[in-house]
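Read-outs throughout are calculated quantities, based only on the coordinates presented, and are distinct from any laboratory measurement. The structure presented is a predicted model; accordingly, all values stated were derived computationally and were not measured. Here Cβ is always computed from backbone atoms with ideal geometry, including for glycine, and neighbour counts include all displayed protein chains.
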Amino acid sequence: MNGNNAKQPENQIDPAALSTEQLSKDFSGVSVLHDITLSFKAGEITGIIGENGAGKSTFMKLMAGIHTPSSGKILVRGEHVDIRTPMISKRLGISMVPQEMNLVDTLTVFENVFLGNELTSGPVLDKTRMKREVSRIFERMRISISPDTFVGDLSISQKQMVEIAKALIHNARFLILDEPTSTLSATEITVLFDIMRELAASGVAILFISHKLTEVRDITSRILVFRDGNCVHDGRSADMTEREMANRMVGRNIDEFYLPKRVPMEEQILTVTGLSAEDMPKAVDFNLAKGEILGITGLVGSGRTELAETLVGLKRKTGGTVLMNGNEIQIRKYKDALLNGIAYVTEDRGGQGLLLDSAMPLNIALRGLGGLLRILPKKDERVTAERYQRQFFIKAPSMESEVRYMSGGNQQKVLFAKWVEMSPSVLILDEPTRGIDVNAKKEMYVFMHALAEKGVSIIVISSSFEEIIWLCSRVYVMREGRVSGMLAGAEINEQNIMYKAAGLHSGDSAAANQ
């Protein structure tokens, strides 16, 4: 990057030249965004925070051409523009990395990055040049993914990096990042922030949406707070503490919440011995008590999700036994897990968990991953959905609205309701609070405790050590596809978890801190 004196592309967005005037959006007659008037400067990183359903993502999608305004204006370089499609938005130099990934699993990485914008040499696709450009971006991002890899073979965090690469490859002058760090490791987040600072130094305006308040304060110079479809605060990041940010998001003081840890019953409901799979070759042992909230954590690539998917039949196991209430059960596919009272809430709510083009009632009524099964009579779908909407405080434009128009946190609540309705004996939650705000997290924790009080056994798989510490009475820490240790009670702290996740011992603390 050559700084602000470098020659700028033709679609350069000048300082304060992208703005909105009284921008509003309705869905099915319900107003979700009200008269937003804002302007954004080139070279500025602006953070946008707010509870789920506050209007943040809707605002971004209007500028990205995913939605069209119900009223109001979007101006680029002082001129009113009619952004009706994402293609028009890209031509104006606006690019968005969405919270829900928009990749095609059956295409390669380079084909996804250039999808709809393919490079050609005469009448044929210039695959060599496209691969070279993708490799150049990946080198800059310090990630090692082959352009020829099929996207379906990538992890969630790798897919997120591909989405970011899609935005960078088109030399966007206005970059929108919607929860870009929710699936990334600490190292990947550091790389992303370095890239963001480089882009800002070259004159790119960046909007950064995140529920991770520390990150927002660290990477931005300006913070906007959205609440109930309004922008209720616009100020300097340096002037706000994380607590002030949280208070402005909810419109009241938000106290620290620490729910008392569940004391599980003595009765063992699940005993797993020697469980292994093709991509989890080392045998895993663990047990689960009735009414227990058990944590499974570890660093990226440790095998957390693979363990869950093997247990519920989404991945083929190569060895091991599973006892349910003392009796051995055979789980060869996910339907077998459901029949034995084991439900799995996937971390990929948009890819495997929900039908984004369908409404909430149908989503709650359907079961299965890979093979859908309707278990509720159609006439009961709406009544059931309305009950969970009240119980879980789900915000939706209307009962008929497609789930894709709901915020990430409300989508997560729908996914949670979907499996709670099955009345499982064991509920496995994979990254249950990824990408949702502090208030929604508190609600999810309360829901989990209520289920555990009723005797439901819960396995929480999370990359957030803090979350694991708050919730769990015992924690299994994974490393390289195996359990590296179990912690209980007062042993559960961030230092002990990190030691076991990194394969260290307590005597290695000096080395770990270097």
Check: Which cross-chain or sequence-distant (5 or more) residues have an amide H under 5 Å from the amide H of SER358, H modelled 1.01 Å from N in plane?
Finding: VAL403, ARG404
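With the Cα gyration tensor of segment 289-442 in hand, convert its eigenvalues to equivalent ellipsoid semi-axes via √(5λ) and list them largest first in whole Å. If you can, show how the numbers build up before the last one.
Details: eigenvalues 144, 67, 40 Å².
Each semi-axis is the square root of five times an eigenvalue, giving 27, 18, 14 Å.
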Note to self: Which of rounded, prolate or oblate describes segment 174-305 when judged by the alpha-carbon gyration tensor and an a/c cut-off of 1.5?
What the structure shows: oblate
Notebook entry, point to check: For segment 447-453, what does the Karplus curve 6.51 cos²θ - 1.76 cosθ + 1.60, with θ = phi - 60°, yield as ³J(HN,Hα) per residue in whole Hz, taken in order and with x for Gly and Pro?
Noted result: 4, 4, 4, 5, 5, 4, 4
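With r as the distance between the Cβ atoms of THR37 and LEU115 and R0 = 51 Å, compute the FRET efficiency 1/(1 + (r/R0)^6) and round to 0.05. Please report the intermediate quantities before stating the final value.
Values: r = 34 Å, r/R0 = 0.68.
FRET efficiency, LEU115 to THR37: 0.90.
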Check: Which value in Å is the Kirkwood Rh of segment 37-94 over different Cα pairs?
Finding: 12.4
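Tell me what the chain gives for mean residue ellipticity at 222 nm when only DSSP H runs of n ≥ 4 count, each as -39,500 (n - 2.57), the sum divided by the residue total, rounded to 500 deg cm²/dmol.
Values: 17 runs with 163 residues, N = 514.
Helix contribution divided over all residues of the chain: -9000 deg cm²/dmol.
Please give the contour-minus-distance gain from LEU75 to GLN22: 0.36 nm per residue of separation, less the Cα-Cα distance, rounded to one decimal in nm.
Between LEU75 and GLN22, full extension yields an extra 17.9 nm.
If the convex hull of the alpha-carbon atoms of segment 311-360 is projected onto planes in all directions, what is the mean projected area in square nanometres? Intermediate results must be reported in sequence, preceding the final value.
Details: hull surface 17.8 nm².
Averaged projected area of segment 311-360's Cα convex hull equals 4.5 nm².
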Check: What is the gain in length, in nm to one decimal, between ALA490 and ASP357 on full extension, counting 0.36 nm per residue of separation less the C-alpha to C-alpha distance?
Finding: 43.4 nm
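Work out the length of the dipole vector of segment 402-514 about its Cα centre, built from +1 on the beta-carbon of each Lys and Arg and -1 on the beta-carbon of each Asp and Glu, and round it to the nearest 20 debye. Walk me through the numbers before you get to the answer.
Values: 11 positive and 13 negative charges, 38 e Å.
Charge dipole, segment 402-514, about its Cα centre: 180 debye, nearest 20.
How much of the DSSP bridge set in the chain is antiparallel, in percent, rounded to the nearest 5?
Numbers: 48 of 84 bridges.
Antiparallel: roughly 55 percent of the beta bridges in the chain.
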Note to self: Along the Cα→Cβ direction, 7 angstrom out, place labels at ASP336 and THR187. What is the inter-label distance in nm?
What the structure shows: 3.6
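Taking K and R as +1 and D and E as -1, what net charge do the other residues with C-beta under 12 Å from the C-beta of ASP126 add up to? Write down the numbers at each step before the final one.
Values: positive: LYS127, ARG129, LYS131, ARG132; negative: GLU118, GLU133.
Net charge around ASP126: +2.
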Check: Mind checking Rg over Rh on segment 408-514, alpha carbons, Kirkwood formula for Rh?
Finding: 1.02
Next item on the list: Work out the length of the dipole vector of the chain about its Cα centre, built from +1 on the beta-carbon of each Lys and Arg and -1 on the beta-carbon of each Asp and Glu, and round it to the nearest 20 debye.
Entry: 580
Notebook entry, point to check: Once segment 103-170 is represented by equal point scatterers at the alpha-carbon sites, with solvent omitted, what log10 I(q)/I(0) does the Debye formula produce at q = 0.11, 0.16, 0.17 Å⁻¹?
Noted result: -0.22, -0.46, -0.52
Next item on the list: Return the Rg/Rh value of the chain, two decimal places, where both radii are evaluated on C-alpha atoms and Rh is the Kirkwood radius.
Entry: 0.97
